[in-house]
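Data first, discussion second: the structure below is written as structure tokens.
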């Protein structure tokens, strides 16, 4: 069983031939809305990967609340732990350039109202061997409480340190598994821009210090990770990305589900990397998350 304590958003997505520079206005080519939020995205990915998932979070009492939960409900995610509170649902303003890269501004809305008591209630229902999945789009106090309580109950915690807040390093040290992209990892490890060899050395050094499983996603270059003093590398699919929004969340959700389903770590990494690649082939965070069958069909290409 996977419990996700995290954000639920509506994404407002504009596409443009290229991303604007600071102070520049560029003409867009398309606009769409889609359900999002790192917590909700990861919950949906884990559910589509085949695991039982419970979502704990908050939406507002506005016109975005229903659409923000629609795909989770359709997929069979347990939404009993989602509160409907006074105020707006969280939103993300997303620009997607012609090369698939993106720029995102997140407005927390109801996500900012998640409390320590909500985190405690979420973890109280967990059992030894369950997985708790967290991100940093909800208040740090709740994330900290959830991490502490999960450890006391024997549940495994997975923290995606995105977006990289001032609390990321402190909270990351409390998690069993930490997932970061290359930029987030450099800051988490206290390094500047580093090459592949230096990154692997930094991973091993940090792992020796903390004993944690550390995973770094590298976009087209795949994934590197360290677990139980062993370094792992895997690649996703060779693709031409349409939209990278949600690819990292898809990776996180599929990784959690794969571990929950008993796959060994290397197989879980490979499956998650393929799922993340496939998520780049469609627009929108949640609409682009592939099914387990789609991922299985492409695993042989890695």
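Which residue fluctuates the most in the chain, going by a Gaussian network model with Cα springs under 10 Å, if the choices are 14, 175, 273?
Greatest mean-square fluctuation among the candidates belongs to 14.
Can you tell me the FRET efficiency between residue 120 and residue 151 if r is taken as the Cβ-Cβ distance and R0 is 22 Å, rounded to the nearest 0.05?
So the FRET efficiency works out to roughly 0.95.
With N set to the residue count of the chain, report its C-alpha Rg divided by 2.2 N^0.38 Å to two decimal places.
The value comes to 0.93.
Run through every distinct alpha carbon pair of region 173-302 and return the Kirkwood hydrodynamic radius in angstroms, one decimal place.
Details: mean 1/r = 0.0673 Å⁻¹.
The answer is 14.9 Å.
Over region 91-244, calculate the relative contact order: mean separation of alpha carbon pairs under 8 Å at least 6 apart, over the residue count, as a percent.
18
Between residue 141 and residue 240, what is 0.36 nm times their sequence separation minus the Cα-Cα distance? Round to one decimal in nm.
Roughly 31.7 nm would be gained on extension.
Pick from 51, 258, 229: which is most flexible by mean-square fluctuation in a GNM of the chain where alpha carbon atoms under 10 Å apart are linked?
229
What does the helix-only formula give at 222 nm for the chain: each DSSP H stretch with n ≥ 4 adding -39500 (n - 2.57), the total divided by the residues, and the result rounded to the nearest 500 deg cm²/dmol?
Calculated at 222 nm, the ellipticity per residue is -10500 deg cm²/dmol.
Calculate the spin-label point distance for residue 165 paired with residue 30, positioning each point 7 Å from the Cα along the beta-carbon direction, and give it in nanometres.
Spacing of the two 7 Å Cα→Cβ label points: 3.3 nm.
In the P(r) worked out for region 87-152, what percent of Cα pairs fall beyond 19 Å? Don't jump to the answer; show the numbers that get you there.
Working: 1002 of 2145 pairs.
Counting pairs separated by more than 19 Å, the tail of P(r) holds 47 percent.
What ranking of 25, 15 emerges when the number of other C-beta atoms within 10 Å of each C-beta is taken as an exposure proxy, fewest first? Mind dumping the intermediate values first?
Values: 25 6, 15 19.
The most exposed by this proxy come first: 25, 15.
Within 10 Å of each residue's Cβ, count the other Cβ atoms and sort 188, 254 from fewest upward.
On the way: 188 20, 254 31.
Ascending Cβ contact count within 10 Å gives the list 188, 254.
Hey, what's the Cα Rg ratio for region 20-123 versus the globular rule of thumb, 2.2 N^0.38 Å?
Output field value: 1.22.
Over region 166-243, what number does the Rg to Rh ratio reach, with both radii from the alpha-carbon atoms and Rh per Kirkwood?
Dividing the radius of gyration by the Kirkwood radius yields 0.97.
Using a 10 Å cut-off around each Cβ, can you sort 10, 71 from fewest to most neighbouring Cβ atoms?
Neighbour counts put them in this order, fewest first: 71, 10.
Rounded to the nearest 5, what % of DSSP beta bridges with both residues in the chain are antiparallel?
40
No solvent, one uniform scatterer per C-alpha: report log10 I(q)/I(0) for region 52-175 via the Debye equation at q = 0.19, 0.21, 0.22 1/Å, two decimals.
Taken in order of the listed q values, log10 I(q)/I(0) reads -1.15, -1.30, -1.36.
Between residue 103 and residue 301, what length comes free when the chain is fully extended (0.36 nm per residue of separation minus the Cα-Cα distance, one decimal in nm)?
The residue 103-residue 301 span can extend by a further 68.3 nm.
None of the figures in this text is laboratory data; all of them are computed from the coordinates on show. The shown structure was predicted, so the numbers you read here are calculated from the model rather than taken from an experiment. A quick note on method: Cβ atoms are made from the backbone with ideal geometry, for glycine too, and the neighbour counts reach across all protein chains shown.
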